[in-house]
Amino acid sequence: MPQEGLGAGSSSPRRLRTVGLALIAGVAGGLVAPLLYPSVARNARPVTRKALKAGMAALERGREIAAELGEQAGDLLAEARAEYDEERKPLAAEAATEIVSLRSSGRDGTGS
């Protein structure tokens with residue numbers, strides 16, 4: 001299926017230019033890499049060690065923050081639970097007295 005349009009005729013020179021540029025870049029990289037490799041290899045270990053130390057420090061700080069958040073969440077949950085239990089005490093006491101009064105009134109359906 002032939003392409004028709006504005007860019008159909010200029011596709012081949014553009015592609016040739018791109019391939020040529022890629023070849024030049026590859027050759028240049030191949031020639032420069034042996035010159036740069038010793039300095040990169042020499043500096044890579046200390047830089048990697050510093051990056052690992054920074055990561056370990058960040059991890060340690062993250063653990064501390066997570067522990068603090070967990071402690072605060074636990075305290076908040078305990079406070080909410082105490083308030084909930086306090087609110088439920090009067091309701092439970094009322095329910096217990098109603099049951100007792102129904103049983104003592106003789107309306108429990110046993111006929112005694």
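Please list 3J(HN,Hα) in residue order for segment 16-32, calculated via the Karplus relation 6.51 cos²θ - 1.76 cosθ + 1.60 where θ = phi - 60°; whole Hz, with x for glycine and proline.
Karplus-based 3J(HN,Hα) across segment 16-32 equals 5, 4, 5, 5, x, 5, 5, 5, 5, 5, x, 5, 4, x, x, 7, 7 Hz.
Using a/c under 1.5 as the rounded threshold, could you call segment 13-68 rounded, prolate or oblate? The axes a ≥ b ≥ c are square roots of the C-alpha gyration tensor eigenvalues, and prolate needs a/b larger than b/c, oblate otherwise.
Working: a/c = 11.70, a/b = 2.29, b/c = 5.10.
Oblate shape, in that a/c is at least 1.5 and b/c is the bigger or equal ratio.
Coordinate-derived values only; no laboratory data. Quantities reported herein were computed from a predicted structural model and do not represent experimental measurements.
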